[in-house]
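Contents: one structure, followed by commentary.
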Amino acid sequence: TQLLEQSPQFLSIQEGENLTVYCNSSSVFSSLQWYRQEPGEGPVLLVTVVTGGEVKKLKRLTFQFGDARKDSSLHITAAQPGDTGLYLCAGDPLKDTGNQFYFGTGTSLTVIP
Amino acid sequence: DTGVSQNPRHKITKRGQNVTFRCDPISEHNRLYWYRQTLGQGPEFLTYFQNEAQLEKSRLLSDRFSAERPKGSFSTLEIQRTEQGDSAMYLCASRDSLYPEAFFGQGTRLTVV
């Protein structure tokens, strides 16, 4: 059982469209990170959210941390082909069952020009 | 500091051979993680070091896999008697225990033929 579930798993949209990716858990997280990964490369950190209800903006990307710190979302406005990649959420659960840094199941985004 | 560095970037090996990968973390980071990733999926936890101590290993990690972090600096991951199922991207990440973010290397792509 995955601690962090992402949806959708795959997303293919036209350039200029908006989209939202969800990251959900039954556990409370002290913080969540979002990463983007391009083929053949390692994940690159986009943002960290720490406070319940927090909203962070990074240009066309808006990240939200749920009030209960069990979920997060990533919204992309006017998607561009350069946004194509694998989006991953990750973090440490508050009641850590080990020393892992947990990853979500991933959302593969393709933006078609 | 140039970030997390992994070598080699690509490795092709014959089934049954041993391979070793190296990870050089960000110098002040005391935590180091190894993950395995297959195409389109989120990274799968393998093992974790705090300084030189290996504090956790995934139950999925067979005894053909071993990792070390002598002196709490660089780390090596060795796979003995490689199998085709070991073909994957192997990722290393490091983090400072005071901060939530983990930073990744570019990964080592292993192909077992």
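The values are calculated or read from the model by the stated rules, or taken from the named source; none is laboratory data. Keep in mind that this is a model prediction, so the values were computed, not measured. Positions of Cβ are generated from backbone atoms using ideal geometry, with glycine treated the same way; all protein chains shown enter the neighbour counts. All accessible areas refer to the heavy atoms of the entire protein, side chains included, with ligands and DNA or RNA removed. Shrake-Rupley method; radii C 1.70, N 1.55, O 1.52, S 1.80 Å.
For the protein assembly as shown, what does the accessible surface come to per residue with a 1.4 Å probe? Please give it in Å².
Values: 11020 Å² over 226 residues.
That works out to 49 Å² for each residue.
Taking a quarter of the surface of the convex hull around the Cα atoms of the protein assembly as shown, what do you get in nm²? Mind showing how you got there, number by number?
Working: hull surface 49.2 nm².
The Cα convex hull of the protein assembly as shown, projected and averaged over all directions, gives 12.3 nm².
Given a cut-off of under 8 Å on Cα pairs at least six residues apart, what relative contact order in percent is computed for chain A?
Values: 292 pairs, mean separation 42.2, N = 113.
Relative CO of chain A lands at 37 percent.
Of the options A:Gly40, A:Ser7, A:Ser25, report the single residue whose Cα projects farthest towards the positive end of the charge dipole of chain A (beta-carbon charges: Lys, Arg +1; Asp, Glu -1).
Positive-end residue among those listed: A:Ser25.
Hey, any idea what % of the protein assembly as shown's accessible area is carbon plus sulfur with a 1.4 Å probe?
Working: 5290 of 11020 Å².
Roughly 48 percent of what the probe reaches on the protein assembly as shown is carbon or sulfur.
Anything losing 40 Å² or more of accessible area from the isolated chain to the full protein assembly: pick those residues out of segment B:89-113, probe 1.4 Å, ligands and DNA/RNA ignored.
B:Arg95, B:Pro100, B:Glu101, B:Ala102, B:Phe104
Compute, for B:Cys23, the solvent-accessible surface of its heavy atoms (probe 1.4 Å) with the complete set of protein chains present, and express it in square angstrom to the nearest 10.
Ignoring ligands and nucleic acids, B:Cys23 comes out at about 0 Å².
With charges set only on the Cβ (+1 for Lys and Arg, -1 for Asp and Glu), what does the dipole of the protein assembly as shown come to about its Cα centre, in debye to the nearest 20?
Working: 23 positive and 24 negative charges, 89 e Å.
Dipole of the protein assembly as shown, to the nearest 20 debye: 420 debye.
For segment A:47-63 and segment B:24-64, write down the distance between their C-alpha centroids in whole Å.
27 Å
For chain B, report the % of Cα-Cα distances exceeding 20 Å. Walk me through the intermediate numbers first.
Details: 2195 of 6328 pairs.
Tail of P(r) above 20 Å: 35 percent of Cα pairs.
So what are the three principal axis dimensions of chain A from its Cα atoms, in whole Å, longest to shortest?
Answer, in whole Å and largest first: 43, 29, 20 Å.
Rolling a 1.4 angstrom probe over the protein chains, ignoring ligands and nucleic acids, what is the accessible area of A:Leu61 in square angstrom, nearest 10?
Roll a 1.4 Å probe over it and A:Leu61 shows about 10 Å².
Could you check how many percent of all C-alpha pairs in segment A:33-75 are farther apart than 17 Å? Walk me through the numbers before you get to the answer.
Details: 299 of 903 pairs.
Every Cα pair in segment A:33-75 considered, those over 17 Å come to 33 percent.
Quick one: work out Rg over Rh on the C-alpha atoms of segment A:54-104, Rh as Kirkwood radius.
1.04
With solvent modelled as a 1.4 Å probe, how much accessible area in total do chains A and B shield from it at their shared surface, in Å² to the nearest 100? Please report the intermediate quantities before stating the final value.
Numbers: alone 6140 and 6610 Å², together 11020 Å².
The contact between B and A buries close to 1700 Å².
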